[in-house]
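Q: Let me begin by handing over the structure; questions about it come next.
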Amino acid sequence: MNQQPKYRIYATLLDAFGAYLNSDVIWDKYWGWSENPPHTPEEFHEQQFQELIDRINRKPFDSEAADRGTAFNEIIDCMIENRKSSIMEISKAYHDDGKLYGIKAVYNNRTFTFHIDLCREFANYYKGALTQQRVEAILPTAYGSVLVYGLIDELMPTSVHDIKTTGSYTVGKFKDHHQHLVYPYALMKNGSDVRTFEYNIVEFNKGGYVVDTYTETYVFNPERDIPILTNHCEEFIRFLEENRELITDKKILGGEN
């Protein structure tokens, strides 16, 4: 018999909650040295709180950085699957002399161009991957069963991959994220033992040019990682219950919207 989950939580929402919990650390990192910070740590914490509530409630937000990531991801998927995009306009970009130099995507009225070498590097790396695979599994917690779920960017026979685009990269940036816990856990619960997880990262500068590419690799260890995931989910559930009156998205609380 299928148990109805009491909560439904997607992986990147756990990351957003983690960022909220660490708002003081984040404030310190970006503005701790500043004589004239744009906001106090308290104001920043409040801002992070509101952003998290908006995220929980699936409030649409407009972000060039997020759109760049979506565009790059879609280009790679189209190249892997040798198909046209149904969600954005993708075309080849040529120099005046007719030489191909990039792939252009128009998404949300924004145009992004990615160098052909970068696109090929990623697409070749994921040759044969299954793209955008939704995974889900029940995670038992002290507060009842939680459905944890998410979308795997690229699923290979022996590894899970998530493509990240960022404006600034430091080593270990994604160490405390939860995709590398949720996705292998969900795969394991569905009978597929794929424990190696890679974040494949592209760092862009302000002009949209590639600074460098990086990889962070994590190997899922159920004995160590399931308790970490469970604790974080339980902490998030306490947050959800404390702020239940602000939550309009019923799905996260196990209902239907």
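The values are calculated or read from the model by the stated rules, or taken from the named source; none is laboratory data. Keep in mind it's a predicted model, so treat the numbers as computed, not measured. Here the Cβ positions follow ideal geometry from the backbone for every residue, glycine too, while neighbour counts run over all protein chains shown.
Q: So which residues in region 186-245 are farther than 20 Å from residue 126 by Cα and hydroxyl-bearing (Ser, Thr, Tyr), if there are any at all?
A: Within region 186-245, 209, 230 meet the criteria.
Q: I would also like to ask the following. Looking for whichever is more than 30 Å from residue 193 (Cα to Cα) and in contact with a His (Cβ under 7 Å, 6 or more places away or on another chain) here; the options are 101, 126, 94. Which one fits? Spell out the reasoning first.
A: Details: 126 fails: more than 30 Å from residue 193 (Cα to Cα); 94 fails: in contact with a His (Cβ under 7 Å, 6 or more places away or on another chain).
Checking each option against the conditions leaves just 101.
Q: How many residues are in contact with a Gly (Cβ under 9 Å, 6 or more places away or on another chain) and not charged (D, E, K, R) when one looks only at region 64-90?
A: 2
Residue-wise test of (1) part of a loop (DSSP other than H, G, I, E, B); (2) at pLDDT below 95.
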site	(1), (2)
13	no, no
24	no, yes
27	no, yes
30	no, yes
33	yes, yes
60	yes, yes
79	no, no
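Q: Looking at residue 116, is it touching a helix residue (DSSP H, G or I) at 6+ places or on another chain (Cβ under 9 Å) and among the aliphatic types (A, V, I, L, M)?
A: For residue 116, the condition - touching a helix residue (DSSP H, G or I) at 6+ places or on another chain (Cβ under 9 Å) and among the aliphatic types (A, V, I, L, M) - is not met.
Q: Say whether the condition of being of a type in the set (Gly, Ala, Ser) and within 28 Å of residue 64 (Cα to Cα) is met by at least one residue in region 149-161.
A: Yes, region 149-161 contains at least one residue that is of a type in the set (Gly, Ala, Ser) and within 28 Å of residue 64 (Cα to Cα).
Q: Hey, another quick one. So which residues in region 149-174 are of a type in the set (Phe, Trp, Tyr) and not in a strand (DSSP E or B), if there are any at all? Give the steps one after another, and end with the answer.
A: Just the residues of region 149-174 that are of a type in the set (Phe, Trp, Tyr), to begin with: 149, 169, 174.
Correct list: 169, 174.
Q: Follow-up. Are any residues in region 106-159 among the acidic types (Asp, Glu) and under 20 Å from the mean Cα position of the chain (by Cα), and if so, which ones?
A: Passing the criteria: 136, 153, 154.
Q: Within region 143-181, how many residues are among the acidic types (Asp, Glu) and either at pLDDT below 95 or exposed (fewer than 15 other Cβ atoms within 10 Å of the Cβ) (or both)?
A: Selection size over region 143-181: 1.
Q: Continuing with this model, one more query. Taking region 185-208, which residues are touching a Lys or Arg at 6+ places or on another chain (Cβ under 8 Å), within 20 Å of residue 105 (Cβ to Cβ) and either assigned to a loop (DSSP other than H, G, I, E, B) or at pLDDT 95 or above (or both)?
A: Residues satisfying the conditions are 200, 201, 202, 208.
Q: Given the conditions (1) under 30 Å from residue 71 (Cα atoms); (2) assigned to a helix (DSSP H, G or I); (3) free of Cβ contacts under 8 Å to residues at least 12 places away in the same chain, and given that residue 182 satisfies all but one, which numbered condition is not satisfied?
A: (3) is the only condition that residue 182 fails.
Q: Looking at region 209-257 only, could you name the residues that are assigned to a strand (DSSP E or B), polar (S, T, N, Q) and free of Cβ contacts under 8 Å to residues at least 40 places away in the same chain?
A: 215, 217
Q: Can I ask one more? Would you mention how many residues in region 81-134 are assigned to a strand (DSSP E or B) and either of a type outside the set (Lys, Arg) or over 21 Å from residue 209 (Cα atoms) (or both)? Give the steps one after another, and end with the answer.
A: The initial filter retains those residues of region 81-134 that are assigned to a strand (DSSP E or B), namely 89-94, 100-107, 110-115, 130-134.
Imposing the further condition that a residue be either of a type outside the set (Lys, Arg) or over 21 Å from residue 209 (Cα atoms) (or both) reduces the set to 89-91, 93-94, 100-103, 105-107, 111-115, 130-134.
Count: 22.
Q: Same structure again: Report, by residue number, each residue of region 204-237 that is more than 20 Å from the chain's Cα centre (by Cα) and hydroxyl-bearing (Ser, Thr, Tyr).
A: Hit for region 204-237 is 209, nothing else.
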